[in-house]
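Notes for the one structure printed next.
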Amino acid sequence: MEASLITKDKNGDKIRIKQGQDVVVNPDDAPIADENVSVTSSPLNYISVTTQTLASLFVSQFATSLNDTESKLNDIQQNQNVLIESLHQERQRLNDHNAVGEVESAMTHIHHYQMKLAKIKKDMSTLKEISQRLRKKAVHLKQQKENEELKKREDRERCMEEDRKLIAKPVLDSSTKS
């Protein structure tokens, strides 16, 4: 799209000034595009007026597209902020997922240690049963030994009693006593 300026000449006819076209303007005839521009008779001011006129035309023609572009850029910036926030949330979710993985790993370890603990408990129960049987057997053997010793003692005492009974006793003569 080519920028151009439409203005009126001395006779009131409309003329189009294209960008890059040199224009010589008499200061008395030149339209003032901006109230802040003063026109004097120096050649620099002629160019300045043309430049100001073309610049104001350029800005007026592209102001709407620049405003649209600005609003689009603002929309893009808002979308980028939303994306950044969602990325942050996704990163947090991934960190939470890693934490869940650590918890799952810990639960696996817990299950493994529970199985070990159950095995140890079973072994302890088995050892307890064995020790109780051994205690009973020991008590039984002790009683049996005590019974055997008692029987041996009784047998010895009986044998000693029988031996005492068998030992000859001197008989006292009743005739010799008087």
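The values are calculated or read from the model by the stated rules, or taken from the named source; none is laboratory data. Everything numeric here is computed off the predicted structure, so don't read it as measured data. Every residue, glycine as well, gets a Cβ built from its backbone with ideal geometry; the counts of neighbours run over all protein chains shown.
Checking the condition out of contact with any Phe, Trp or Tyr (no Cβ under 7 Å at 6 or more places or on another chain) and at pLDDT 90 or above, which residue from Asp173, Asp155 passes? Break it down into steps so the answer makes sense when it comes.
On the way: Asp173 fails: at pLDDT 90 or above.
Only one candidate passes the filter, namely Asp155.
Cβ-Cβ below 8 Å, separation at least six or inter-chain, first residue in segment 51-70 and under 17 Å from Ile15 (Cβ atoms) and touching a residue at least 60 places away in the same chain (Cβ under 8 Å), second surrounded by fewer than 13 Cβ atoms within 10 Å (Cβ to Cβ) and of a type outside the set (Lys, Arg): which pairs?
none
Would it be correct to say that Ser105 is modelled with pLDDT of 90 or more and either touching a Cys at 6+ places or on another chain (Cβ under 9 Å) or part of a helix (DSSP H, G or I) (or both)? Before the answer, list the steps.
Details: modelled with pLDDT of 90 or more: no; either touching a Cys at 6+ places or on another chain (Cβ under 9 Å) or part of a helix (DSSP H, G or I) (or both): yes.
Against the criterion (modelled with pLDDT of 90 or more and either touching a Cys at 6+ places or on another chain (Cβ under 9 Å) or part of a helix (DSSP H, G or I) (or both)), Ser105 does not qualify.
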